[in-house]
Amino acid sequence: MSASDITALLPIITPAIASVLVMMVIAFRRNHALTAALTTGGLVIASSMLLVMLPLLPRQVTPLIFVDRYAFFFMGLFFAASFFVVLLSYGYFAARPGRHDEFYVLLLIATFGSAVLAASSHFVSFFLGLELLGISLYSMIAYQRTDRYGNEAGIKYLVLAATSSAFLLFGMALVYAQLGTMQFTRIAVEAAALSVSSSLPLLAGFALIIVGIGFKLALVPFHMWSPDVYEGAPAPVSAFIATVSKGAVFVLLLRYFSLVDIHRFPAIVTVFTIIAIASMLIGNLLALAQNNIKRILAYSSIAHLGYVLVAFIAGGPAAITAASYYLAAYFVTILGAFGIISVLSSAGSGGRDADALDEYRGMAWHRPWLAGMLTLVLFSLAGIPLTAGFMGKFLVISAGAGSTLWLLLVVVAVSSSIGLYYYLRIITVLYTRVPAQVPEKRETPAAGPRLSLSGGTALVVLAVLLIWLGVFPSPLLRLIKATAEHLIY
Amino acid sequence: MIAMNDMLWIMPAAPFAGFLVLALAGSRLPRKWIAAVGAGSVGLSMFAALFAGCSFMSAPPGMHAYVQVLRTWIDVAGFSPKIAFYLDPLSVIMVLVMTVVGFLIHLYSAGFMRDDEGYARFFAYMNLFVGSMLTLVLAEDLLLLYLGWEGVGLCSYLLIGFWYKDEVNGYAARKAFVVTRVGDTAFAIGLFLLYSNLGTLQIQELMYRAGQQWAPGSVLAVAAAALLLGGAVGKSAQLPLQTWLPDAMAGPTPVSALIHAATMVTAGVYLIARTHVLFTLAPAVQAAVAVIGAATLLLAGFSALVQSDLKRVLAYSTISQIGYMFLALGVGAWSAAIFHFMTHAFFKALLFLGAGMVIISLHEEHNMFKMGGLRTQLPLVYRTFVIGALSLSALPLLTAGFYSKDLILWEVWSSKSGGPLLWAAGLAGALLTSLYSFRMVFITFFGEAKTKAGGKPGMSMSVPVVILAVLSVAGGFVEVPVHFFTGFLAPAFPPVQSANKAAGEIILQIIAGIVSVSGIVLAWFLFLRSPHYDKTLSQSGFGSLVHRLWFAGWGFDRLYDVLIIKPFLWAAKVNRDDFIDLIYLGVVWTSAGINRFLTFTQSGKVRWYVTGVAIGAIVILGIVVLL
């Protein structure tokens, strides 16, 4: 392994080293602020390593890892998202009793896993990355050990993720049995040479891999875990699952099935189409009568992954641009959403998160800025113009129209309008005046403590990004065209 | 010298900046600061306008116009509307009048609104209005003009309903908005028509192409001109969309002076003058403009004669005077229309501000018949108000109103598309004008005092009134005796098509003068010397019927109520629960049903979830294997 190979791996290695370093510092000195600062530093260094790596791209390092501009873009996105999660976690955990330092070790390992997935070019690195991410998440979800819901969510996620991993491994085994290779580029070449009639084991393998990936992305019908887990996990962790965890798996899906051209296998396209339609509709329909904001966000997340899947099915450079932009916009939006929940949940001493819709009633009248931000986030989720979400949805629809996926686009339109109902429902709750009550009301988190500095900063930056991406999409689009779109070359 | 064409943007930008400051921080600023920002921003824009006007006159640009292109708004498939300002003699006059009168009224408002709790809100709206109005008259592109057009409509709505706690004001505001919206819609369709046929909305280019491609009297030209006329009629409160203006008097008096007398309501006049090429290409529509003007000035003049609310008299008078401008536009006397716009802005603003001082010192008393005898109590108001009324009545030789109105009458008489009939209407209107003007003066300021006036108006209110009084007299001498005004506007407009220039102008002037003076004398006789004639007349059977008809503005409100509003409400009520709703209800029920079913699947049991994964896997495998 040459020096430039190591340099090319630096962005992946840095979070790993940082996690070890943080762990060792914890052994000597337990200090929440110090740990969080070290974690932040680690992520910043990892991001700067991206620039060090850039001149060497694209580069195959061992058969397992292929660092290219596509990986560059998404690693950057994941590091940035993790950075915001750290900011939110600090405020969130600081208000709770107990020791929180190990949480950041887990977060760094999970980020490490996501970076591996972004650059993975082999089933082995795929599985390793996935499990690095998954196993850290089990403990992150159940990190509040005394919280009944957290434990329940952690165990559910553990059992179900293990089941899905089994499907995934079996699928990989089938592909390997048929083609004798586990490297993506080789699989693409060998699969192309295969006649359609003799490719049944291969297709079965693909189908089982889809099951595994579909579980991680919470696509219908593998979605049922997500509301329980989102609800039970601490708000910053839910944010991490919704962004980095899902994003990393989607990035891998996009890379894998772009290399192995799915349009050569009509059956696979059909499967994805059905999954996308089911996810969009069922995700939005499930959220309609929900009264728990975290569960609503989980259901909405199911639908949003369905939207990105439309771009994925469309294929081609426009689709990669659309999917990348959509993910970036979705990251900003959902981090904002969970950010607000985290900030509001910092109140209770080890209490539950502020996730009941009732706690948000009339928030606009006593916390106008937070309510305004939440309104903005919900507009973005609903895809209202001048927000990031609108640009994302616009690009997805234009990519779909470019590939004449009319059925999917009709479903996008219908399900978006269904979705509008529950997003606007939250907004009306925010702006409903609560009749003057006895001072008891002060105890609700909505009237809770002042913003922590880290959480407040994160929210302000996210709000600016949210509008900026919606109003001036071209800088990010240029970046995507210069980086992520290189996947197909 | 600073290049003036780069400074045009300051005129609309200064009031917009003032609006932003007041809207964002107004509630936290002390009152002095609010007034300083509100009036100061308009003052700044006035200086920019004066500067622009002076340099325009001292060094007229080539092609008689300055253009400042700020930026391209969008650029899609050949459609690239620009945010650009266009300064030619017409817009020089417009911005000068708007900023000067606007500034004086802002100054006046600083005193008038002194005790109002919505001080900052008031100035914010007023600044937004001035900015939009200047955008309207400076726009080089019809699209930008339309933006200003809608902007002033919005501000008019906001300011009529300024005291929104009284439901009546809110209703008046909505009425103004909805009625003008009828015209705005016609205007918008006109824009679509122009763009789809001529491929641009840039005004000068559009006029050029229209002249090249459309034959005079062709269907498209007539349609386009008629649609623009629809917009103008709505904004300028002409027949048949005049009903909103009298109710618009619900707003604070400075608003009536600025928006509903001096500036916004003349936007229709400006629009027609600006697109005069189109109207020349459509002689039928242009004739309609003249007829509408003549009819409006008469109908509104009669209505003004019987009102009891001081501000409503002025409102009907405004409708009537804009009728004169339309009459002038209709016979191709473009410069005369703009001249009358200018003098009208001076004397009507003056009258409104005077009325405002009367109303405020009588504690919100609007009814003239409860006033009386104010001549001695409010001497300054009395003197300036009389000057305004004289100018409105077109007292010969002295007042500005005489010169502008006389120019209109003369050109209506002599123009090829005019004629004795229209001239006679205008002359009859002149009699009505001096009659109702001095009815107002005599009832309000003479006779015995019925209400005690309290408090004297402060400096910030008196100074603008005095300046406007001077302008109402001196404003006429920009045209007589040297024809400076029409000479200045000459590059912007084609000359009047005269038919019988020979017939002595001087004779007609003498006739007009006699009519004007006799109106004043008649008013003195009827309303001051022997008011019992008026009483017996209005109490006789036929007389009271006419009185009630005129008082209600010829019953247009009732007519529209029966013809449009009632049937519309009825249709809306009938269609409230039609079968189309079932489709949407069906969507709602289906969604709710599916939601209930799906919620059942979210049982929280892990074994159930695993079953879900397994079933999903089987289905996918099935699809892959079978397809």
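Which FRET efficiency, nearest 0.05, do B:I623 and A:I135 yield, Cβ-Cβ r, R0 35 Å?
0.65
Which whole-number percent gives the relative contact order of the stretch B:124-213, counting Cα pairs below 8 Å spaced six or more residues apart?
Result for the stretch B:124-213 is 24 percent.
Could you work out [θ]222 nm for chain B from helices alone, using -39500 (n - 2.57) per DSSP H run of at least four and dividing by all its residues? Round to the nearest 500 deg cm²/dmol.
Calculated from helices alone, the mean residue ellipticity at 222 nm is -23000 deg cm²/dmol.
Let me have the relative contact order for the stretch B:1-146, percent, based on Cα pairs under 8 Å that are six or more residues apart.
Relative contact order of the stretch B:1-146: 36 percent.
If you average the sequence gap of Cα pairs under 8 Å that are 6 or more apart and divide by the length of the stretch B:371-489, what percent do you get for the contact order?
42 percent.
Based on alpha-carbon centroids, what's the gap between the stretch B:113-162 and the stretch B:237-316 in Å, whole number please?
19 Å
Loop only by DSSP, 12 or fewer other Cβ within 10 Å of the Cβ. Give me the trypsin sites (Lys or Arg not before Pro) in the stretch B:581-627 that pass, ordered by residue number.
B:K605
Quickly work out the A:H32-to-B:S196 label distance, labels modelled 7 Å from Cα along the C-beta direction, and quote it in nm with one decimal.
6.5 nm
Tell me, what HN-Hα J-couplings in whole Hz come from the Karplus equation 6.51 cos²θ - 1.76 cosθ + 1.60 at θ = phi - 60° for each residue of the stretch A:283-297, using x for Gly and Pro?
Whole-Hz 3J(HN,Hα) from phi for the stretch A:283-297: x, 5, 5, 5, 7, 3, 9, 6, 10, 10, 5, 5, 5, 4, 5.
How many angstrom separate the Cα center of the stretch A:212-255 from the Cα center of the stretch B:186-231?
Going from one Cα centre to the other spans 57 Å.
Considering the zone a paramagnetic label at B:L563 would reach in this model (a point 7 Å from Cα along the Cα-to-Cβ line), which residues of the stretch B:273-304 have amide N under 20 Å from it?
B:285, B:288-303
When Lys and Arg each count +1 and Asp and Glu each count -1, what net charge do the other residues less than 14 Å away from B:M264, Cβ to Cβ, add up to?
Net local charge, B:M264 excluded: 0.
Got a sec to turn the phi values of the stretch B:569-574 into Karplus ³J(HN,Hα) couplings, 6.51 cos²θ - 1.76 cosθ + 1.60 with θ = phi - 60°, whole Hz, x for Gly and Pro?
Here the 3J(HN,Hα) series is 4, 4, 4, 5, 5, 4 Hz.
Could you give the nm distance between label points at B:V470 and B:I189, where each point is 7 Å from its Cα heading toward the beta carbon?
4.9 nm
For the stretch B:439-539, which GluC sites (Glu not before Pro) are in a loop by DSSP, counting at most 15 other Cβ atoms within 10 Å?
Filter output for the stretch B:439-539: B:E448.
Can you run phi through the Karplus equation (6.51, -1.76, 1.60; θ = phi - 60°) for the stretch A:452-457 and list ³J(HN,Hα) in whole Hz, with x for Gly and Pro?
Karplus values, whole Hz, x for Gly and Pro: 6, 4, 5, x, x, 4.
Select from B:L87, B:V137, B:V42 the residue farthest towards the positive end of the dipole of the stretch B:1-158; place +1 on Cβ of Lys and Arg, -1 on Cβ of Asp and Glu, and compute about the Cα centre.
Value computed over the given set: B:V42.
Whose amide H sits under 5 Å from the amide H of B:S498, counting only residues 5 or more places off or on another chain, with H placed in the peptide plane?
Close amide H contacts, sequence-distant or interchain: B:K416.
With each label point set 7 Å from Cα along the Cα-Cβ vector, what nm distance links A:D261 and B:V587?
3.9 nm
Taking only the alpha-carbon atoms of chain B, what semi-axes of the equivalent ellipsoid follow from 5 times the gyration tensor eigenvalues under a square root, in whole Å, largest first?
Semi-axes, largest first: 48, 31, 27 Å.
Please identify the longest segment of chain B free of exposed chymotrypsin sites (Phe, Trp or Tyr not before Pro), where exposed means a DSSP state other than H, G, I, E or B and no more than 13 other Cβ atoms within 10 Å.
The reported range is B:165-578.
At a Förster distance of 30 Å, what's the computed FRET efficiency of B:R607 paired with A:M24, Cβ-Cβ distance as r, to 0.05?
0.10
Which longest uninterrupted range of chain A lacks any trypsin sites (Lys or Arg not before Pro) assigned by DSSP to a loop state (not H, G, I, E or B) and surrounded by at most 11 other Cβ atoms within 10 Å?
Of all site-free stretches, the longest is A:146-432.
For B:F79 and B:I507, what does the FRET efficiency come to when R0 = 56 Å and r is the distance between their Cβ atoms, rounded to the nearest 0.05?
After rounding, the FRET efficiency stands at 0.55.
Once you've got the Cα coordinates, tell me which of B:K348/B:K370; B:K32/B:K452; B:K235/B:K405; B:K165/B:K566; B:K348/B:K405; A:K156/A:K246 are over 19 Å apart.
From B:K348/B:K370; B:K32/B:K452; B:K235/B:K405; B:K165/B:K566; B:K348/B:K405; A:K156/A:K246, over 19 Å: B:K348/B:K370; B:K32/B:K452; B:K235/B:K405; B:K165/B:K566.
Computed from the coordinates by the stated procedures, all read-outs in this text should not be read as laboratory data. Everything quoted here is computed from the prediction, not taken from an experiment. Methodologically, a virtual Cβ is constructed for each residue, glycine included, from the backbone with ideal geometry; neighbour enumeration extends over all protein chains shown.
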